[in-house]
Amino acid sequence: MDTSTAAKTPQQFHVDEVSPAYWRVTFDNGPVNLVDPDTIDQLSALIATIENATDLTVVVFRSAKPGYFMAHWDFLSDGARVARMQPGPTGLHPYLDNLVRLSKVPAATISEIRGRARGAGSEFVLATDIRFASPKAVLGQFEVGVGAVPGGGAMARLGRLVGRGRALEILLGGDDFPASIAADYGYVNRVIADDQIEEFTDAFARRVAAFDKTAVTGIKKQVDVATLPDDQEFAPGLKAYFATAGRRENAPFVQLLLSQGLQQPDGIETDLGTTIGTLRQDH
Amino acid sequence: MDTSTAAKTPQQFHVDEVSPAYWRVTFDNGPVNLVDPDTIDQLSALIATIENATDLTVVVFRSAKPGYFMAHWDFLSDGARVARMQPGPTGLHPYLDNLVRLSKVPAATISEIRGRARGAGSEFVLATDIRFASPKAVLGQFEVGVGAVPGGGAMARLGRLVGRGRALEILLGGDDFPASIAADYGYVNRVIADDQIEEFTDAFARRVAAFDKTAVTGIKKQVDVATLPDDQEFAPGLKAYFATAGRRENAPFVQLLLSQGLQQPDGIETDLGTTIGTLRQDH
Amino acid sequence: MDTSTAAKTPQQFHVDEVSPAYWRVTFDNGPVNLVDPDTIDQLSALIATIENATDLTVVVFRSAKPGYFMAHWDFLSDGARVARMQPGPTGLHPYLDNLVRLSKVPAATISEIRGRARGAGSEFVLATDIRFASPKAVLGQFEVGVGAVPGGGAMARLGRLVGRGRALEILLGGDDFPASIAADYGYVNRVIADDQIEEFTDAFARRVAAFDKTAVTGIKKQVDVATLPDDQEFAPGLKAYFATAGRRENAPFVQLLLSQGLQQPDGIETDLGTTIGTLRQDH
């Protein structure tokens, strides 16, 4: 992490150390919680901290913004800065390196999803171990609708998590998936009523925090063997993202989306996945 | 494809080119939509056409016959003709070559299932990307009940799609699975009311057709890596089919089935999977 | 099997040969059906018998004890005896060797689960082909709560059966899963009313028993290729179990559990998974 840059930018991840074994991390970046180059840098630093926290057994990720867990990648962010980023410890670009390392941290990770988690936001929750969702959660991978291949592991992870048929429906249809269908498909673990999910997640986390970290990490390591793709399987997805996302022919449609309220809390962002399909057909 | 033969036989696959990006294919072969040697030849030609259709992004498969999507392999078809067929591009027998290639066509493929899809019919829908089913859909692999191992990839695909336990229930029990259980198990993506499924599938297909084919094929390629078995994993299944299906000891039971209305729309074909189990126990 | 020992110990597995093709095995070992070193020896012998029963096509496993299918490993059993056990045919320790071989027997295996199946009990049902559960079934892997990594394949099997997210929830949370959630997650095939499950399982078994064994074993072999991990993937799990389960620091908590009714039918055993979490947090 370039600390001189980090010093100038607000922290997006707020860590509440409930106990040495249990941390709660709240994500906060603008009105809809976009993922941007600062997110990459700060998440990289946060993951390193988690990797090295000797007593840390469980981490809960949540959002500070009603309606949005983590909207998606910031379409207005500095692409040149992203292109210049150096590979992380896995040898992968840090956007992807973060997600690959996040899956393997020696602590249980839980996403408490009470709002929209699309594109990079969906890829983030897919890289955590467990996804609890309230009925206000909406998940999706709308990248196909803006002419791009998702770059952060969505194909590798959804293919294994929900099966080929549903993964292709999610990824090729690019639509929004409400919590109930997400749970039917296995995209999230289960749905908990919105006024109970904080308590439910907290109780689950306190259980795990009370367990022996040796057992937690020992179990997770074997589940990794059974369920995680080889790190290198992720690389072609990100390569395809870079090859497709920045194409000149995508620009007019992205401009149309921005003109209709993309990245604002009350415009088309509310039902982005569905709307992109409609707009594409009118386009 | 032997075009001299094709010239003599009616076309079973009727292609409606809704647009260059969206084709609707209707299968029509006798009263219950059997799969026979002509189906193999014609499907091979259709897949080649799909592979080479530059602008084609999505294909919907549907049935012309109420109650039957694609019943199963024709027990009265010419086995010698099937045995003589030359390997397709994958090096596999064309029955299997078709299904392996169908999974990999550079377009999204959707089965709209409003009737029975058993045996080869089930294997066909499993080789398409996405399965939408109406409550009138019935799926199953009854081959075990006639003494055969399914040959078109059912073990490889169901094992990955619905998990070992449910795959073994489907394949070793050989029973009929109504749409609701098929959806619970992940055998189909979801159930849509019968009077809405055409509109639902069409809307989904039009969404995908409006997207950039480069993104669609780029995504599908990575999902293939995550979810498809190696082509060679399919070969032993077909070998086991040929070794078991034609055995002399199976013949009397198949004759019994034929005498009770097999391959006719209103006889035992209506609840074939269930009935085979009953008849076997009485036999 | 040490037959001199076996002669002194009661048989835990009672085999009812309904027909040469269909066996019903009832497990009976103390008030809660614990798994102990005798279970290992006797299961090894039973599996060898099943492997060699020429006409056997289907085996149903059930419990003689209301409320308990197979509680878990006996915490009071002779660890030195277990440590001395010689590898089975797969080269793995016989506890694990049994389960790996059980998955591959040339007959369909069905667990009829009407009570608790936790830890080793859960690992047993996961090693059978098909799991039918009544609403009285409770499944779970509570090992994390007693400081241990499960040793009998739970990570390898659950990871593939229910997907990474739900496998990690089950294994890291260590809680009890009632039948309904177990079915939602794919941990069991389906839920059947308790007063109907015997009839349902029996009807399913009679169907399969009426089929040709050649087809059953041919199908199962290909599903194995698609769904079973390599035998060697299981070994690190058991190694981690032995490295973690017997640690001195686990002993006081296990003593606490024993003092509160562990391994007794009406104490904490009734909701063991949940209770362990509560006790750990108070501990």
19 Å reach of a label modelled at B:Ala251, 7 Å along Cα-to-Cβ, counting backbone N of segment B:77-119: B:77-83
State the extension gain, in nm to one decimal, for the chain segment bounded by C:Ala83 and C:Lys221, taking 0.36 nm per residue of separation less the distance between their alpha-carbons. 46.5 nm
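Quick one: of the DSSP bridges fully inside the protein assembly as shown, what percent are antiparallel, nearest 5?
30 percent
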In whole Å, how far is the Cα centre of segment B:45-113 from that of segment A:77-94? 43 Å
What nm distances, shortest first, do you get from the label point of C:Asp16 to those in the other copies when the point sits 7 angstrom along Cα to Cβ? 5.5, 5.5
Once you keep just the Cα pairs under 8 angstrom separated by 6 or more residues, what percentage relative contact order results for segment B:172-283? 35 percent
Within chain B, percent of DSSP bridges classed antiparallel, to nearest 5: 30 percent
Calculate, for segment C:130-187, the solvent-accessible area per residue in square angstrom, rolling a 1.4 angstrom probe over the heavy atoms of the protein chains. 16 Å²
Relative contact order computed over chain C (Cα-Cα under 8 Å; 6+ residues apart), in percent: 18 percent
Sort shortest first the distances from A:Gln260 to its counterpart in every other copy, using label points 7 Å along the Cα-to-beta-carbon line, and give them in nm. 5.6, 5.6
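Rounded to the nearest whole Å², what accessible area per residue is found for segment A:1-119 with the 1.4 Å probe?
38 Å²
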Per DSSP helix of 4 or more residues, -39500 (n - 2.57); summed, then divided by the residues of the protein assembly as shown. What does that give at 222 nm, rounded to the nearest 500? -14500 deg cm²/dmol
Using a 1.4 Å probe on protein heavy atoms, which residues of segment A:200-228 have at least 40 Å² less accessible area in the complex than alone? A:Phe204, A:Arg207, A:Ala210, A:Phe211, A:Asp212, A:Ala215, A:Ile219, A:Gln222, A:Val223, A:Ala226, A:Thr227
Could you tell me which of rounded, prolate or oblate describes segment A:1-158, using a ≥ b ≥ c as the square roots of the eigenvalues of the alpha-carbon gyration tensor, with rounded for a/c under 1.5 and, failing that, prolate when a/b is larger than b/c and oblate otherwise? rounded
Using only the Cα atoms of the protein assembly as shown, build the gyration tensor, take square roots of its eigenvalues as a ≥ b ≥ c, and label the shape rounded, prolate or oblate: rounded if a/c is under 1.5, else prolate if a/b is larger than b/c, else oblate. oblate
Return the long-range amide H neighbours of B:Ala108 (sequence gap of 5 or more, or a different chain), with a cut-off of under 5 Å between placed amide H atoms. B:Val58, B:Val59
Measure nothing fancy, just the Cα-based angle from helix B:213-227's long axis to the longest principal axis of chain B, in degrees from 0 to 90, nearest 10. 40 degrees
Towards the positive end of the charge dipole of segment C:130-185, with charges on Cβ (+1 Lys, Arg; -1 Asp, Glu), say which of C:Val162, C:Ala148, C:Leu172 has the farthest Cα. C:Val162
Here the residues of segment B:149-197 whose accessible area is at least 40 Å² smaller with all protein chains than in the chain alone (probe 1.4 Å) are B:Val149, B:Met155, B:Leu161, B:Arg164, B:Gly165, B:Arg166, B:Leu168, B:Glu169, B:Leu172, B:Gly173, B:Asn189, B:Arg190
Suppose a student asked you for the relative contact order of segment C:129-209, using Cα pairs under 8 Å spaced at least 6 residues apart; what percent would you report? 45 percent
Using a probe of 1.4 angstrom, how much of the accessible area of segment B:143-283 is carbon and sulfur, in percent? 50 percent
The set of residues whose placed amide H lies less than 5 Å from the amide H of A:Arg116, leaving out same-chain residues fewer than 5 positions away, is A:Tyr68, A:Phe69, A:Met70, A:Val138
Pop out a list of residues from segment C:110-148 that are at least 40 Å² less accessible with all the protein chains around than in their chain alone; 1.4 Å probe, no ligands or nucleic acids counted. C:Asp129, C:Val144
Can you pull out the buried accessible area for chains B and C, both sides counted, probe 1.4 Å, rounded to the nearest 100 Å²? 2700 Å²
Of every hundred units of 1.4 Å-probe accessible area on segment A:1-124, the number belonging to carbon and sulfur atoms, as a percent, is 53 percent
Computed ³J(HN,Hα) along segment B:41-49: with the Karplus parameters 6.51/-1.76/1.60, θ = phi - 60°, integer Hz and x for glycine or proline, the list is 4, 6, 5, 4, 5, 4, 5, 4, 5
Inter-copy separations for B:Thr54, label at 7 Å along Cα-Cβ, nm, ascending: 6.6, 6.6
On Cα atoms only, tilt of C:272-282 relative to the major axis of chain C in degrees: 20 degrees
What list of ³J(HN,Hα) couplings, whole Hz, do you get for segment B:16-23 from phi and the Karplus terms 6.51, -1.76, 1.60, once you set θ to phi - 60° and write x for glycine and proline? 9, 7, 4, 7, x, 8, 9, 10
Which whole-Hz ³J(HN,Hα) couplings does segment B:194-206 yield from phi under the Karplus relation 6.51 cos²θ - 1.76 cosθ + 1.60, θ = phi - 60°, glycine and proline marked x? 4, 7, 10, 5, 4, 5, 4, 5, 4, 5, 4, 5, 5
Quick one: how many Å² of B:Leu256 are accessible to a 1.4 Å probe, rounded to 10? 50 Å²
Suppose R0 equals 56 Å; then what is the FRET efficiency for C:Leu258 and C:Asp55 from their Cβ-Cβ distance, rounded to the nearest 0.05? 0.80
Need one value for A:234-244: mean number of C-beta atoms belonging to other chains within 10 Å of its residues' C-beta atoms. 3
Using modelled backbone amide H atoms (1.01 Å from N, in-plane), which distant-in-sequence or interchain residues come within less than 5 Å of A:Trp73's amide H? A:Val35, A:Ala120, A:Gly121
Please compute the length gained on full extension between B:Ser19 and B:Leu279, using 0.36 nm multiplied by the number of residues separating them and subtracting their Cα-Cα distance. 88.8 nm
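The values are calculated or read from the model by the stated rules, or taken from the named source; none is laboratory data. Everything numeric here is computed off the predicted structure, so don't read it as measured data. Every residue, glycine as well, gets a Cβ built from its backbone with ideal geometry; the counts of neighbours run over all protein chains shown. Just the protein is used for accessible areas: all its heavy atoms, side chains included, with ligands, DNA and RNA removed. Shrake-Rupley method; radii C 1.70, N 1.55, O 1.52, S 1.80 Å.
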